Amino acid sequence: MYPPIEPYETGTVDILASLTLIHSLYYEVSGNKDGVPVVFLHGGPGGGVSPKDRQFFNPDKYKIVLFDQRGAGKSKPSACTECNTTWDLVDDIECLREQLSIEKWHVFGGSWGSTLALAYAQTYPERVRSLVLRGIFTLRKSEIRFFYQDGASHLFPEEWSRYVDPVEPAQRNDLVNAYHSLLNSPDEKVRLRAARAWSRWEMATSRLFVSQDLLEKAESDDFALAFSRIENHYFVNEGFMRDGQLLEEQSIEKIRHIPMIIVQGRYDVVCPATTAWALKTAREGNGGSKYGPFAFHVIPDAGHSSREAGIEKKLVEAADEVVEKY
């Protein structure tokens, strides 16, 4: 990772509906003012950015743009799900690009950030220099079921017990919808208990070796509520897209010319490697001269988190590679 740096510009993107402010999105710019632009798309949805996210990029070569998506991090109102869809966020990225007078940029995203990166690139392919994607997630029903209903539960039984505890046994056949009711309960105690349990489940399973810092983060009311409410809102609405839409031939064809690097942890149980492989297979298609450069890296000693050493190293190398070549 590159050394810590501070942003030289911060601001907001204000989202209006019928002349009423509904979202105010925090953004920041760091690195080289005249550098090659890159936008960092955080996970969740609802996760927010952190100062360490700047450190994937060479500050001498990159103009580094980070922002908190609707309802997340420093964006306001916190945990708000109103007017908050995949396609709203795609429009926000494009609005931010225009506000910063950037013609084209590299797009870098992991987990939900990879979902959003694919959705943005398929909508605005002419604005994307390259895609660096980690922990691939495409929000298919099978992916949600594996992590939130039946799959990862077999690997982390003690944490699964904590996750299902707030839900009445009779409602555990559909945990995403059960949590939707809990997270929108009029009772604040019910909402917060559910938010902490939902957030802890992901924090406890995202690394090969469990991080105590992540577990403590899940206990933070503000983070847990934004993270859980926004994630759950997206999942009960199936990502506001067709099942498998991002992997459909007509979707992939729009981005085949864009250089792409995938970084995937072998033991990722949040977003298992089968989805990264599905993207690789779809992207490669039948091969052809019009296809852009492509690389697929599996990190043998890592789970889901971008903070694991092997994933950090490969992501930095990928960012270094694309800024030199594209």
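Where a number appears in this text, it was derived from the coordinates with a stated rule and is not lab data. Computed from a predicted structure; not experimentally measured. Because the Cβ atoms are built from the backbone with ideal geometry, glycine has one as well, and the counts that use them run over all protein chains shown.
Translational diffusion of the range 45-192, estimated by Stokes-Einstein from the Kirkwood radius over alpha carbon pairs at 4 °C in a medium of 1.567 mPa s, is 73 µm² per second. Note on residue 22/residue 145: beta-carbon distance plugged into 1/(1 + (r/R0)^6) with R0 of 41 Å gives a FRET efficiency of 0.80. Scanning residues 5 or more positions from residue 62 or on other chains, those with amide H under 5 Å from its amide H are 32, 36, with H placed 1.01 Å from N in the peptide plane. Quarter the surface of the alpha carbon convex hull of the range 204-325 and you get the mean projected area, 9.1 square nanometres. The convex hull defined by the C-alpha atoms of the chain has an orientation-averaged projected area of 16.2 nm². What's the center-to-center distance, using Cα atoms, between the range 220-289 and the range 165-196 in Å? Spelled out, the Cα-based centre of one part sits 26 Å from the other. Give the lysines reachable from residue 76 as a straight Cα distance under 26 Å; neighbours fewer than 8 places away on the same chain don't count. Leaving aside lysines fewer than 8 places away in the same chain, those within reach of residue 76 are 52, 63, 189, 217.
Considering all different alpha carbon pairs of the range 142-237, the Kirkwood hydrodynamic radius works out to 13.3 Å.
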